[in-house]
Structures are given as structure tokens and as C-alpha cells.
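K.L.:
Supplied in C-alpha cells, the structure appears directly below.
The values are calculated or read from the model by the stated rules, or taken from the named source; none is laboratory data. Note that the structure is predicted; figures quoted are calculated from it, not measured. Heads up, the Cβs are rebuilt from the backbone with ideal geometry, glycines too, and the neighbour counts pull from every protein chain shown. Accessible surface is based on the protein model in full, side chains and every heavy atom, while ligands, DNA and RNA are left aside. Shrake-Rupley method; radii C 1.70, N 1.55, O 1.52, S 1.80 Å.
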Amino acid sequence: MSDAPLEPRARSAIIRDSLGVGVATGAYGVSFGAISVASGLSVAQTCALSLLVFTGASQFALVGVVAAGGAPISGALTALLLGTRNTLYGLRLAPLLAWRGVRRVLAAHVLIDESTAMSVTRETRDAARLGFLVTGVSVFVLWNVATFAGAVAGNELGDPRRYGLDAAVGAAFLALLWPRLHRRRNRLVAVAAAAVALGIVPMAPAGVPVLAAAGVALVAGVLTRERDA
């Protein structure tokens, strides 16, 4: 990894692209805020999730399980399973960014899909750090502002079922999943996971089908990794 300094033009391009990703992703926090309040969480609880958890898929998973009547522990376990991918991101980015101490701890909080994508393909360490920081911080700030706005708006609307917002959790998950289905293997795993989840819905409490579907994805990942090795 080169440590060559960035030229002004390259720096400006990275900042522009990273801010664009930050605005587009952060604005989606409005949906989470409204959905979370619709699921029964307070505005304060919703904002705390975005501040402390800050990983969209895990947050949607938690409120989705709660909205379905599942136990909070089931929602927390589902969110934890979805968040394990960030550990893999950290293993990849740690030698690339080469931060130590407090900076490394703070960077871990904005280690998300978008900040990883905007840093991992850079040719120099300065470029990788800049892409990571601008993307991660902009998403964090805008996501939390949008979460608060969505939660307050959702609270003022009253019963969200009158507007069909109770169906927004499923729609949000589909939006998160759709871009990842371009590969045949991913489509097969998705179908298998959905089949398992639907099959145990009549006999399992809310939240467990989601965990079972996540288990299918984990097993598929292990098997395909062994085959590729």
C-alpha cells in the first residue's frame, strides 16, 4: 500500500463521491425512524439505536422482530448475526488504514458497508483513509438526523397501520437484499432461507424464523467457502 500524498484534484473527487454516498444513505434513516416508532419503540429508543448500533440492516432486523411480537432477545440476536459481517470488514481494513489506539476504536463505529466500499479499492493509504472517514462520518451524521426526523414524523402521524407503514419493515429488507441478488448463488441461498423461515412460522415464536433464515445463510457461506478453498 502506497503512502504517497494525494493530489488536490484526487482529494476533491474522493470527498465529492463520498459525500454523495453519505447523503443518499443517510437520508434512508427517515424510513428507519418512522418504522421503529411504528413498531412500538419511543423516539428516544429509536435515536439511541441509530447512535449506538449504527448499522442499518441490524437496526431494521431488531425493530422488525419487535413489530412482529417477538421477544427483544430474539431481535437482538438477529441484529447481532447481521452485524457480524462488520467484523470481516474490520479484518480487511485494519492493515489498509493502519490506525492505532483511539482512532482505531472511533473508526470501528463508522465501519459499515458504504465506508468499506469507498476505501477498500483505493490505491494509496491516504485515499483509503479519506474515503473511509468522509463516507462513514457523513452517513453517521445524516443517518442520525434523518432517524430523528422520521421518528418524530411517525410519532405525530399516530397509528401507522392506517397508512400502511406496518408493511414498511418487509419492504425495507427487500430493498437491502435486492442489490445482492445479482449472483445465482445468492439467489439460491435467499430462496432456501425464505423457504426455511416460512416453513417454521406456524410452529415457532416471532423472531425465530429470521434467526433460522440467517442460519441457512451462514451454513451456505461455510460450505461454499470450503468448496472454493
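K.L.:
Taking only protein heavy atoms and a 1.4 Å probe, what accessible area per residue, in Å², does the range 1-131 have with all protein chains in place? Intermediate results must be reported in sequence, preceding the final value.
P.N.:
Working: 6510 Å² over 131 residues.
For the range 1-131, the solvent-accessible area averages 50 Å² per residue.
K.L.:
Note down the Stokes-Einstein diffusion coefficient of the range 1-148 in µm²/s, whole number, using a Kirkwood radius over alpha carbon pairs, 20 °C, and 1.002 mPa s. Could the numbers behind the result be given before it?
P.N.:
On the way: Rh = 16.0 Å.
Result for D is 134 µm²/s.
K.L.:
Now for a different question. Tell me, how many Å apart are the Cα centres for the range 73-98 and for the range 6-34?
P.N.:
Answer, in whole Å: 21.
K.L.:
Hey, rough spin-label estimate for Leu88 and Asn155, points 7 angstrom out along Cα→Cβ, what's it come to in nanometres?
P.N.:
Label at Leu88, label at Asn155, 3.8 nm between them.
K.L.:
How much of the accessible area of the range 1-116, in percent, comes from carbon and sulfur atoms when a 1.4 Å probe is used?
P.N.:
Working: 4000 of 5850 Å².
The value for the range 1-116 is 68 percent carbon and sulfur by accessible area.
K.L.:
Quick one: which of 128-141, 107-120, 8-21 comes out on top by average Cβ neighbours within 10 Å, and what's the full order, highest first?
P.N.:
Numbers: 128-141: 22.4, 107-120: 20.1, 8-21: 14.9.
Ranked by mean Cβ neighbours within 10 Å, highest first: 128-141, 107-120, 8-21.
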